[in-house]
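Student: Sharing a structure below in structure tokens format, with a few things to ask.
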Amino acid sequence: MIDLHTHTDQSDGSWSPERLVEEAARRGIEAFAITDHDTLAGYDRAAGPARACGLDLVCGIEVSTVLVRRQGSPIKNVHVLAYFLDGSVPEDFRSWLDAIRAGRRNRNQRLADRLQSVGLDVKTEEAEALGRTVTGRPHFARLLVQKGFVASVQEAFDRFLSDSAEAFVPRRVPSLEEAAGQIHAGGGIAVLAHPARIAGEDREQLEKLVEASVEQGIQGLEVFHSDHTEADCRELRGLASAFDLAVTGGSDFHGDAKPGVELGTGLNNNLSIPREVLERLREKPT
Ligand code: AMP
Ligand code: FE
Ligand code: FE
Ligand code: ZN
């Protein structure tokens, strides 16, 4: 069993990189990737401990992008996974991530101001204290719960933080084309994350999404994912083969931050990704 999509507390997961390695080894996971949002800090910290216990740890990342299409409106919140299969990430790519994180800090400041202006007393530093390397809206959501302004993280998003809510503040998000270009230049492989979550039930939309993503540099599809139904997986496998794309899969584990999703086995045991998926990925010329 392998798991190519996990988050640590360096982004919005709740487990430390060390704990993730320990648990992966305990559960007999043969290989896994850390794919934190916008930071390699979790991978960098886990690499030593993983090597020490003979775990095959893959270097990865997840970046939010906007898919600008030739036809039709842009699609927001398109997540791209990158895998650096030889474990090395050049400085240029790291600097690109630094700039994205700087954009986040700037947004977080404006978001705190905006929340203040709607009567919620929160400070950027308080949200940042809940995060490590990357502080995002999920940390603001947890803070609003802690302070008793809302009853749940979901209520925090629905009322204040979601893209259509009262206190929403945008940040500069790279286009999918820019992200894929940076990933290729850095020697990585660019994979469209949880495509069915973006396209929903509409099969025609899914195909259009994949086609447009491929035009802009996507080289693989996340076929297996906790959110995907069996029908989604079948459909995505077909699209991967039609467009000659690599196939990946993972749980999108976030620890306690996403209850119900387990490392390796996904949501209610809906995942069991064989090792060959990673072997094929390593064989595939990019
Ligand atoms: P950020 O990158 O800091 O803008 O935060 C994006 C993250 O917030 C996503 O990856 C989700 O985990 C979470 N998120 C965004 N919108 C919602 C929503 N409507 N409901 C719940 N979580 C959301
Ligand atoms: Fe996340
Ligand atoms: Fe994602
Ligand atoms: Zn993820």
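Bear in mind that the values in this text are calculations on the coordinates, not laboratory data. Just so it is clear, the structure is predicted and the values come from calculations on it, not from any experiment. Here Cβ is always computed from backbone atoms with ideal geometry, including for glycine, and neighbour counts include all displayed protein chains.
Student: Please pick out the residue among Arg51, Arg69 that is charged (D, E, K, R) and within 28 Å of Gly28 (Cα to Cα).
Tutor: Values: Arg69 fails: within 28 Å of Gly28 (Cα to Cα).
The unique qualifying residue is Arg51.
Student: Being within 16 Å of ligand 4 (Cβ to nearest atom) and either without any contact (Cβ under 8 Å) to a residue 40 or more places away in the chain or under 25 Å from Ser175 (Cα atoms) (or both), is that true of even one residue in the stretch 16-23? Break it down stepwise before answering.
Tutor: We begin by selecting, within the stretch 16-23, every residue within 16 Å of ligand 4 (Cβ to nearest atom); these are 17, 20.
Going one step further and asking which of them are either without any contact (Cβ under 8 Å) to a residue 40 or more places away in the chain or under 25 Å from Ser175 (Cα atoms) (or both), we end up with 17.
Scanning the stretch 16-23 turns up at least one residue that is within 16 Å of ligand 4 (Cβ to nearest atom) and either without any contact (Cβ under 8 Å) to a residue 40 or more places away in the chain or under 25 Å from Ser175 (Cα atoms) (or both).
Student: Can you name every residue in the stretch 154-179 that is in a helix (DSSP H, G or I) and within 16 Å of ligand 3 (Cβ to nearest atom)?
Tutor: Phe157, Leu176, Ala179
Student: Return the only residue of Gly181, Gly200 being surrounded by fewer than 16 Cβ atoms within 10 Å (Cβ to Cβ) and under 19 Å from the mean Cα position of the chain (by Cα).
Tutor: Going through Gly181, Gly200 in turn, the sole match is Gly200.
Student: For the stretch 158-172, give me the residue count where each residue is out of contact with any helix residue (DSSP H, G or I) (no Cβ under 8 Å at 6 or more places or on another chain) and under 15 Å from Leu144 (Cβ atoms).
Tutor: 3
Student: Next question. Spot the failing condition for Phe93; the list is (1) in a loop (DSSP other than H, G, I, E, B); (2) away from ligand 2 (no atom under 16 Å from the Cβ); (3) not hydroxyl-bearing (Ser, Thr, Tyr), and only one is missed.
Tutor: (1)
Student: For Ala151, indicate whether it is farther than 21 Å from Leu81 by Cβ, more than 16 Å from ligand 2 (Cβ to nearest atom) and not hydroxyl-bearing (Ser, Thr, Tyr). Step through it out loud before you land on a result.
Tutor: Values: farther than 21 Å from Leu81 by Cβ: yes; more than 16 Å from ligand 2 (Cβ to nearest atom): yes; not hydroxyl-bearing (Ser, Thr, Tyr): yes.
Yes.
Student: Test of understanding: among Val122, Val169, Val153, Val118, which residue is over 26 Å from Pro74 (Cα atoms) and near ligand 1 (Cβ under 10 Å from one of its atoms)?
Tutor: Exactly one of Val122, Val169, Val153, Val118 is over 26 Å from Pro74 (Cα atoms) and near ligand 1 (Cβ under 10 Å from one of its atoms), namely Val153.
Student: Quick one: Val277 ticks every box in (1) closer than 25 Å to Gly13 by Cβ; (2) surrounded by fewer than 16 Cβ atoms within 10 Å (Cβ to Cβ); (3) touching a residue at least 12 places away in the same chain (Cβ under 8 Å) bar one, so which box is it?
Tutor: (2)
Student: Out of all the residues in the stretch 48-65, which are over 30 Å from Arg172 (Cβ atoms) and surrounded by fewer than 21 Cβ atoms within 10 Å (Cβ to Cβ)?
Tutor: Answer for the stretch 48-65, where residues must be over 30 Å from Arg172 (Cβ atoms) and surrounded by fewer than 21 Cβ atoms within 10 Å (Cβ to Cβ): Gly48, Pro49, Arg51, Ala52, Cys53, Gly54, Leu55, Asp56.
Student: Follow-up. Would you point out which residue out of Ser175, Ser162 is out of contact with any Ser or Thr (no Cβ under 9 Å at 6 or more places or on another chain), surrounded by 15 or more Cβ atoms within 10 Å (Cβ to Cβ) and under 22 Å from Ser73 (Cβ atoms)?
Tutor: Numbers: Ser175 fails: out of contact with any Ser or Thr (no Cβ under 9 Å at 6 or more places or on another chain).
Being out of contact with any Ser or Thr (no Cβ under 9 Å at 6 or more places or on another chain), surrounded by 15 or more Cβ atoms within 10 Å (Cβ to Cβ) and under 22 Å from Ser73 (Cβ atoms) holds for just one of Ser175, Ser162, which is Ser162.
Student: For the stretch 1-45, enumerate the residues that are part of a helix (DSSP H, G or I) and out of contact with any strand residue (DSSP E or B) (no Cβ under 6 Å at 6 or more places or on another chain). Let's see the steps before the verdict.
Tutor: Applying the first criterion (part of a helix (DSSP H, G or I)) to the stretch 1-45 yields 17-26, 41-45.
Within the stretch 1-45, Pro17, Glu18, Arg19, Leu20, Val21, Glu22, Glu23, Ala25, Arg26, Ala41, Asp44, Arg45 meet the criteria.
Student: Could you tell me how many of the residues in the stretch 1-15 are within 13 Å of Val261 (Cβ to Cβ) and more than 11 Å from ligand 4 (Cβ to nearest atom)?
Tutor: So the count comes out to 3.
Student: Which residue pairs have Cβ atoms under 6 Å apart, sit 6 or more places apart or on different chains, and have a first residue in the stretch 61-87 that is without any contact (Cβ under 8 Å) to a residue 12 or more places away in the chain and a second that is within 16 Å of ligand 1 (Cβ to nearest atom) and not acidic (Asp, Glu)?
Tutor: If the second residue must be within 16 Å of ligand 1 (Cβ to nearest atom) and not acidic (Asp, Glu), the pairs left are Pro74/Val66.
Student: Here is a follow-up. May I ask you to list the residues in the stretch 242-270 that are in contact (Cβ under 8 Å) with a residue 24 or more places away in the chain, under 30 Å from Arg142 (Cβ atoms), more than 15 Å from ligand 3 (Cβ to nearest atom) and assigned to a loop (DSSP other than H, G, I, E, B)?
Tutor: Leu263, Gly264, Thr265, Asn270
Student: Which condition number does Ala231 fail, the rest of (1) assigned to a strand (DSSP E or B); (2) loosely packed, with under 15 Cβ neighbours inside 10 Å being met?
Tutor: (1)
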